1. Go ahead and run the numbers for FRET between residue 213 and residue 77, Cβ-Cβ distance against an R0 of 45 Å, rounding to 0.05.
2. In Å², and per residue, what accessible area does the stretch 219-346 have when probed at 1.4 Å with the other protein chains present?
3. Show that you can apply the helix-only estimate: for the chain, add -39,500 (n - 2.57) for every DSSP H stretch of four or more residues, divide by all residues, and state [θ] at 222 nm to the nearest 500.
4. If R₀ is 30 angstrom, what is the calculated FRET efficiency for the pair residue 365 and residue 332, using the beta carbon separation as r and rounding to 0.05?
5. When the chain is treated as a GNM, springs tying every alpha-carbon pair under 10 Å, which of 259, 66, 237 comes out with the largest mean-square fluctuation?
6. Taking the solvent-accessible surface of protein heavy atoms with a 1.4 Å probe, what is the per residue accessible area of the stretch 128-210 in Å²?
7. When ligands, DNA and RNA are left out and all protein chains stay put, how many square angstrom of accessible area per residue does the stretch 1-65 have with a 1.4 Å probe?
8. Using 0.36 nm per residue of separation minus the Cα-Cα distance, give me the extension gain between residue 190 and residue 46 in nm, one decimal.
Amino acid sequence: MTSHAAVVARGMGAPCVSGCHEIEVDAGRETLTLLRSGKVLKKGDTITIDGATGEVMEGKVALIRSTSDANFQTVLEWADECRTMKVKANADTPNDARKARELGAEGIGLSRTEHMFFDPKRIDVVREMILANDKTERLAALEKLFVFQKEDMREIFEVMSGYPVTFRLLDPPLHEFLPSDAGDIAALAKRIGKDVTVVASKIKALEEVNPMLGLRGCRLGLAFPEITEMQARAVISAALEAKANGFDPRPEIMIPLVSVATELEVASALVHATAEAVMKAKGMEGQLKYKVGTMLELPRACLNARQLAPMIEFASFGTNDLTQSTFGFSRDDIGGFLPRYLEEKILDKDPFETIDVDGVGQLMRMAVDGVRGAEGGAKKLFGLCGEQGGDPKSLLFCQELGLDSVSCSPFRVPIARLAAAQAAIQQRKAQK
Ligand code: PEP
Ligand code: MG
């Protein structure tokens, strides 16, 4: 559910099954072996995959196109009247944002800004930034990225005019952007005009044994403040441009993977200083409202959320990482044991799909209580933007917790609207 491939594919509305341990793919022979039966499929044989359940089926399964007739719209309108939680979308590009609005999203709860870098025309600039020899080289690459990023952000603000858009600062481990194959490394070195041995050794140095616990999240921006500065500048400049074009941008900047309050103190101070400087330089001081918030996706942040409260106006539960770090399960790599756990009923559900109320949920509850109990805490907004945000069973818990919004991939927005209404009705009935 939560590996990078699955998350990106879901955002595109494409089915994806990743980490399928019961299948062995031999790329050289172009075959796929079903490990249980030993059956071999060849290139060209048809299979069908269900990205929601992780099933891989032999042959072509009959499909029907989903329709959204007037009745469907009516039911969703009824749902909108009943629900109390807002439903936003996880959307990274102007096209995703358009789709999200079409499907009724009330803003963007998570824009993973790194996804704006994956375009083939942009990826080498990101690599130049990562492989820079010094700060001067890094700043030059960041300046090129600023142009792409600001343009995408402006368009997203314009599509989402009047609705909040949360841009999350760069999060993933840097090696995710880099090639690993020797041929690809040599080609990259040539394209960016660097010595191949230097590039190869830099890539080697960036390798991490456990990248999900490594140099990522706010740690990236603290190690390289110029990245945070560029991204905050891009968000605010884009919002000012959208405003000048007659739109109503509502920017929110979100700082990921925080564990201690001092990380948030340093990162949020830099975001505020940059935002104010951009407005001042354009003679627009105080003319744009923006919010700064954090993701709650590590147990320590939840345990000490009260200390984070003074630096944030909103917080969003990153339940992908929070599930990973609470269970100690790798979100990319649970295929090796999770099916067995479910079969043997060691777990009754996949916690990456449906919130684990007894464990992860307890941390979430502590975080909400911690922030809301702090001075001025009652006004802080809480959301959830992990994959569970599109899972109807998880939404009842979000409702009980008093979250203000949930955010899921655009194509899951209609089901989340319906499930949020069902959760609100169920809660009302329980309170009677
Ligand atoms: C999360 O961790 O739940 C989250 C939304 O962020 P990402 O999946 O990008 O780590
Ligand atoms: Mg995360």
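1. That gives a FRET efficiency of 0.50.
2. For the stretch 219-346, the per-residue accessible area is 41 Å².
3. -14500 deg cm²/dmol
4. My answer for the efficiency is 0.65.
5. Judging by the Gaussian network model, the answer is 66.
6. 47 Å²
7. Numbers: 4560 Å² over 65 residues.
Value returned for the stretch 1-65: 70 Å² of accessible area per residue.
8. Working: separation 144, 0.36 × 144 = 51.84 nm, distance 3.87 nm.
Length gained, residue 190 through residue 46: 48.0 nm.
The values are calculated or read from the model by the stated rules, or taken from the named source; none is laboratory data. On a predicted model such as this, the values are computed, not experimentally measured, just so you know. Note that we place each Cβ from the backbone using ideal geometry, even for glycine, and neighbour counts take in every protein chain shown. Please note that ligands, DNA and RNA were not included when accessible areas were found on the heavy atoms of the full protein model with its side chains. Shrake-Rupley method; radii C 1.70, N 1.55, O 1.52, S 1.80 Å.
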